[in-house]
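Visitor: Here it is, the structure, as structure tokens.
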Amino acid sequence: MGSASVIVLDTHFWVWFHLGDSRLTQPVASVIGRDTVLSAASIWEVVTLIQKGRLVSDLTAEDTVLKWLLEAPMRVVPIDGDIAILSRTLDFVHDDPGDRFIAATAFKQKAPLATVDTRLQALPWLTTIR
């Protein structure tokens, strides 16, 4: 996969990238850049994780995500009407709204989703990388 390939990051890959976590795989790390797409749902998930204390930051939740978006600019895709509909009409095996919005974003973008979530990897209509 070349550097110009568009990918959508699942939230955990976005977090791992910014924390320098060893779980960030080389294939995904090598393509993160300006062509990387992030669902607005991932921003919501990170803010929620910080607010609940499951992700620790010296900054506020808002300042953390704004800093991350400045450090590594990527295109944030809002949850529009199409994505909202796809999130409920595509065939999913579970009901997690964040996962549904992120996977629907990848589907709409016709881009692979970088994820280690086996439930998402198992979806026949979703292309994934890890």
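The values are calculated or read from the model by the stated rules, or taken from the named source; none is laboratory data. None of the values given here were measured: they were computed from a predicted structure. Ideal geometry is used to build each Cβ from the backbone, glycine not excepted, and the neighbour counts take in all protein chains shown.
Visitor: Here is a list of conditions, (1) under 14 Å from Val8 (Cβ atoms); (2) in contact (Cβ under 8 Å) with a residue 12 or more places away in the chain; (3) of a type outside the set (D, E, K, R), and Pro73 meets all of them except one; can you say which number that is?
Guide: Every listed condition holds for Pro73 apart from (1).
Visitor: Return the only residue of Val8, Val46, Val15, Val65 being touching an Asp or Glu at 6+ places or on another chain (Cβ under 9 Å) and under 20 Å from Phe101 (Cα atoms).
Guide: Val15
Visitor: Of the residues that sit in the range 103-119 and are farther than 19 Å from Ala29 by Cβ and not hydroxyl-bearing (Ser, Thr, Tyr), which one is surrounded by the most Cβ atoms within 10 Å (Cβ to Cβ)?
Guide: Among residues in the range 103-119 that are farther than 19 Å from Ala29 by Cβ and not hydroxyl-bearing (Ser, Thr, Tyr), the one surrounded by the most Cβ atoms within 10 Å (Cβ to Cβ) is Ala103.
Visitor: Considering Val56, Val37, Val46, which residue is within 21 Å of Ser5 (Cα to Cα) and either touching a residue at least 24 places away in the same chain (Cβ under 8 Å) or loosely packed, with under 14 Cβ neighbours inside 10 Å (or both)?
Guide: Only one candidate qualifies: Val37.
Visitor: Continuing with the same structure: Looking only at helices (runs of 4 or more DSSP H) that lie completely in the range 1-60, which have at least 3 residues being modelled with pLDDT of 95 or more?
Guide: 11-19, 40-51
Visitor: Any residue in the range 87-95 that is touching a residue at least 40 places away in the same chain (Cβ under 8 Å) and surrounded by fewer than 20 Cβ atoms within 10 Å (Cβ to Cβ)?
Guide: Within the range 87-95 (the criterion being touching a residue at least 40 places away in the same chain (Cβ under 8 Å) and surrounded by fewer than 20 Cβ atoms within 10 Å (Cβ to Cβ)), the answer is no, since none of the residues qualifies.
Visitor: Of all the residues that make up the range 76-130, how many are in a loop (DSSP other than H, G, I, E, B) and of a type in the set (S, T, N, Q)?
Guide: Looking only at that region, the number is 2.
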